[in-house]
């Protein structure tokens, strides 16, 4: 399995291999990390509070959050917390809308912006825009057509990309 992971200066393509029958049990430190991460969703802080080294806390959190067993346990924890609190998406959105109304009444624009930001996140407005690009696999034919084009023709072809 291949995974693209963010790096400080760009993306790194890392290959990882999944063995059949892989053990999905959690260590005590991983369970503690999940408990701490569920509190504030701060990966580095959760790693330190779980007993991992401070100097490599960010890397450790990133590594843990990409492990299947940790992600699965975290998702189960979040589902259980939401069920225990009788919380669903609609109730959360209604609460944020109430917060916007209260902030408007108090004349607190910063609180209004914060509430609207959370509503936008919940509605997926901050998700990256996905586009599908169709790639022509006939490279040689395309190269041939481009080589016989005039400079004016090439500039017309490139114009939509620079506009």
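Per the listing 98, 23, the residue uniquely at negative phi and at pLDDT below 90 is 23.
Taking the stretch 42-66 as the range and being touching a residue at least 12 places away in the same chain (Cβ under 8 Å) and part of a loop (DSSP other than H, G, I, E, B) as the test, the residues that pass are 50, 51, 52, 66. Of all residues in the stretch 77-102, those satisfying the criterion of being in a helix (DSSP H, G or I) and within 30 Å of residue 32 (Cβ to Cβ) are 77, 78, 79, 80, 81, 82, 83, 84, 89, 91, 92, 95. Among the residues of the stretch 103-137, those identified as surrounded by 10 or more Cβ atoms within 10 Å (Cβ to Cβ) and in a loop (DSSP other than H, G, I, E, B) are 108, 123, 125.
The values are calculated or read from the model by the stated rules, or taken from the named source; none is laboratory data. In this text, all values refer to a predicted model and were calculated from it rather than measured experimentally. In this analysis, Cβ positions are derived from the backbone assuming ideal geometry, glycine residues included, and neighbour counts consider all displayed protein chains.
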